[in-house]
Amino acid sequence: GVGRVIGDIPIGDTPPPRGIPTPRGDETGDHMIIMASSDEGLTWTEPLPLTDYAQPHGHLLRLHDGRILCSYANYAQPYGPYAMFSHDNGQTWDKTHTVQLALSLNCYTGWPTSIQLDSGEIVTTYAVTGYLEGEGVSLMVPGRGDCVCESVRWMPP
């Protein structure tokens, strides 16, 4: 049968809200939208906002209990990887009960990806990249290990 397909797309060409600094010159306004398809991706619904400004790099995972987990990066304070849940197959998202998975010194954490273990625990891995403060220049040098992968193991609420 035909199932429901959910897709997430990062976008980055909208101006940031007033009072929120741009994390990097090339990522102004990053956030995610969500679209759904009931015909295996032939047609899609109109895009709806999934995350707010400075919350890109989402990863979707259906949990054992049927909820959908979206793990994403937060480039606004407090920085770090976050998670939110949908209890209705992606129709709506509980943005009032997000989970901060880890705290980062700067905004350059990204690409969180989650898996669920048989125990029900979640393991979320994400990248941390060093940048020169205020310069937007990467400190990452191939072979030096300036970009690291961190993981957090947690139990969903």
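The values are calculated or read from the model by the stated rules, or taken from the named source; none is laboratory data. No experiment lies behind these values; they were computed from the predicted model shown. We place every Cβ from the backbone using ideal geometry, glycine too, and count neighbours over all the protein chains shown.
Search the stretch 37-53 for residues that are within 23 Å of residue 84 (Cα to Cα) and pair each with any residue that is among the aromatic types (Phe, Trp, Tyr) and surrounded by 12 or more Cβ atoms within 10 Å (Cβ to Cβ) when their beta-carbon atoms are under 9 Å apart and the residues are at least 6 apart or on different chains.
Listed pairs, sorted by first residue: 37/44; 50/72; 50/93; 51/72; 51/82; 51/93; 53/75.
Could you list all residues from the stretch 118-128 that are touching a residue at least 24 places away in the same chain (Cβ under 8 Å) and either under 27 Å from residue 65 (Cβ atoms) or not in a strand (DSSP E or B) (or both)?
Keep residues of the stretch 118-128 that are touching a residue at least 24 places away in the same chain (Cβ under 8 Å), which gives 120-126, 128.
Correct list: 120, 121, 122, 123, 124, 125, 126.
Would you pick out the residues in the stretch 70-84 that are under 17 Å from residue 32 (Cβ atoms) and surrounded by fewer than 20 Cβ atoms within 10 Å (Cβ to Cβ)?
76
May I ask you to verify whether residue 134 is surrounded by fewer than 13 Cβ atoms within 10 Å (Cβ to Cβ), among the small types (Gly, Ala, Ser) and modelled with pLDDT under 95?
Answer is yes for this residue.
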